């Protein structure tokens, strides 16, 4: 599975958020990853290792692809 991701890519996490969706957008990258829920707008931060463990699939964003 390809787990390479960039800023503003949409990602699918293994477990759904409390609002019912598991689709998130990466809004900050570094040692920590900040993701924003695409349905309710809630933002969370987690360390990169935790993010990679909980990540299911990366959906490339058309804005960043060229």
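Of everything in the stretch 1-13 that's within 13 Å of residue 52 (Cβ to Cβ) and at pLDDT below 95, which residue is surrounded by the most Cβ atoms within 10 Å (Cβ to Cβ)? The extreme case among them is 5. With respect to being without any contact (Cβ under 8 Å) to a residue 12 or more places away in the chain and under 11 Å from the mean Cα position of the chain (by Cα), residue 14 falls outside the description.
The values are calculated or read from the model by the stated rules, or taken from the named source; none is laboratory data. Worth saying up front: this structure is predicted, and the values here are computed from it rather than measured. Glycine gets a Cβ as well: all are built from the backbone with ideal geometry, and neighbour counts include every protein chain shown.
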